[in-house]
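Participant: The structure follows.
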Amino acid sequence: MIATLLFVAFVAMMLVGVPIGAALGLAGAACIALANGDAQWFGLLAVPQNFYAGLGKYPLLAIPMFVLVGSIFDRSGVALRLVNFAIAIVGRGPGMLPLVTIAVAMFMGGISGSGPATAAAVGGVMIAAMARAGYPSAFAASVVGAAAATDILIPPSVAFIVYSVLVPNASVPALFAAGMIPGILAGLALMVPAVWLARKHKMGTLEAALPRPPFWKSLRDAIWGLAAPVLILGGMRLGWFTPTEAAVVAVFYGLFVGMVVHRTIKVRDLFVILRESGELSAVILVVVSLAGIFAYSLSTLGVIDPVAHAIVNSGLGEYGVLSLLILLLITVGMFLDGVSIFLIFVPLLWPIVQYYKWDPVWFGVILTLKVALGQFTPPLAVNLMVSCRIAKVRMEETVRWVGWLLFAMFLVMVLVIIFPELALWLPRKLGY
């Protein structure tokens with residue numbers, strides 16, 4: 001009865017507009033109190049203990065740093081220079097700007113690891129550029145929102161850091177390596193419908209007439225941005241620093257590029273950058289810590305084992321259960337953000353992963369692909385919200401375009417399910 005109340009209270013608070021972090025914490029605390037009615041203080045001393053336990057984990061230190069990196073590179077002008085370099089390589093023509101948008105967003109993912117940050121950085125440059133070339137604003141917003149979703153797969157990834165905290169068997173370096181090939185495949189898959197739709201509907205008619213940037217000049221301008229993922233990922237691979245330390249190195253590198261090399265960031269801009277990053281990091285980390293209370297109540301009320309037992313013995317078989325979980329998470333992903341999905345569902349799903357002996361790293365990639373789909377699936381799509389705000393269009397206008405992009409990335413998820421080596425080959429090759 002109390003276990004049922006846990007979920008009913010959580011859903012009810014969500015429906016009346018309570019922030020998700022508060023809904024997780026309040027529902028968990030209420031059920032802890034009801035389950036310990038005969039104990040001193042109703043067992044509520046467990047609430048602050050689990051609030052701290054949910055937050056006091058070393059890998060989580062990387063999250064505010066990578067959020068800060070995304071904000072710094074957003075303002076440093078790196079995205080514009082990468083766009084010019086990409087256009088210099090692929091040239092001008094129908095469908096080329098959407099292709100460049102996806103390629104640059106994938107590359108930015110190797111710097112910030114945050115979908116909304118990349119949607120803001122790339123969208124600020126590419127949506128206006130596509131509008132000048134004759135692309136509809138709704139199409140441009142759809143492409144930017146979808147392209148930014150690859151960023152939680154391509155390392156460094158905030159989503160993988162959260163998952164590694166919840167699943168100690170999956171290390172951050174192994175997850176980063178596992179996300180590389182699926183992330184690149186997701187980006188390539190998005191390019192196909194983006195270019196096809198542009199040419200089918202004769203978008204970008206003015207693109208061919210726009211000037212093509214000179215190759216060597218654009219390469220010189222973009223070289224500092226191109227070096228960032230090499231520094232971050234290469235330094236981790238060579239053992240110079242851990243993922244958390246890599247985030248700090250990336251912050252100082254971004255400040256050097258923005259303040260010394262490009263001189264697009266002034267000292268007075270630092271307060272705004274730090275404030276924005278602090279606010280976003282605080283939201284993520286408060287949700288993580290409050291979810292610790294919810295997870296504790298799930299375990300103490302004995303909810304996890306009966307749910308896992310019911311799913312395993314449903315008669316659906318291994319792939320039937322996996323299909324059911326994906327359908328459930330796709331539905332949930334339309335309404336919840338990725339971090340919340342991880343925090344709520346990973347504790348529930350972990351016994352199922354253990355029962356079927358699924359590789360925890362592979363399952364983390366599947367779950368992250370699902371979250372990536374949710375980032376541009378209406379009605380609550382964080383990347384699409386950012387890109388629609390920049391493009392000044394309603395999210396409903398993007399549905400006719402974004403459906404094709406969702407289907408393309410869904411096919412990549414199916415491929416990774418059928419061929420687990422797409423995720424597991426690189427970590428094994430690198431010795432993780």
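Participant: Can you work out which of the residues in region 133-155 that are touching a Phe, Trp or Tyr at 6+ places or on another chain (Cβ under 7 Å) and within 16 Å of GLY403 (Cα to Cα) is surrounded by the most Cβ atoms within 10 Å (Cβ to Cβ)?
Facilitator: ALA146
Participant: How many of the residues in region 272-289 are under 17 Å from the mean Cα position of the chain (by Cα) and either open to solvent by less than 40 Å² (accessible area, probe 1.4 Å) or of a type in the set (Phe, Trp, Tyr) (or both)?
Facilitator: Counting residues in region 272-289 that are under 17 Å from the mean Cα position of the chain (by Cα) and either open to solvent by less than 40 Å² (accessible area, probe 1.4 Å) or of a type in the set (Phe, Trp, Tyr) (or both) gives 6.
Participant: Taking only region 377-394 into account, find how many residues are closer than 18 Å to THR331 by Cβ and open to solvent by less than 30 Å² (accessible area, probe 1.4 Å).
Facilitator: Of the residues in that region, 3 qualify.
Participant: Right, next: Given the conditions (1) surrounded by fewer than 24 Cβ atoms within 10 Å (Cβ to Cβ); (2) over 15 Å from the mean Cα position of the chain (by Cα), which single one is not true for PRO64?
Facilitator: (2)
Participant: For region 111-211, which helices (runs of 4 or more DSSP H) that fit wholly inside it have 2 or more residues that are of a type in the set (Ser, Thr, Tyr)?
Facilitator: 137-148, 158-166
Participant: Looking at region 157-171, which of the residues that are farther than 12 Å from VAL365 by Cα and open to solvent by 10 Å² or more (accessible area, probe 1.4 Å) is nearest to the chain's Cα centre (by Cα)?
Facilitator: The residue in question is VAL158.
Participant: Here's a check for you: in region 67-108, which residue that is part of a helix (DSSP H, G or I) and polar (S, T, N, Q) is surrounded by the fewest Cβ atoms within 10 Å (Cβ to Cβ)?
Facilitator: Among them, the one singled out is ASN84.
The values are calculated or read from the model by the stated rules, or taken from the named source; none is laboratory data. Worth saying up front: this structure is predicted, and the values here are computed from it rather than measured. Positions of Cβ are generated from backbone atoms using ideal geometry, with glycine treated the same way; all protein chains shown enter the neighbour counts. Only protein heavy atoms, including side chains, enter the accessible area calculation; ligands, DNA and RNA are left aside. Shrake-Rupley method; radii C 1.70, N 1.55, O 1.52, S 1.80 Å.
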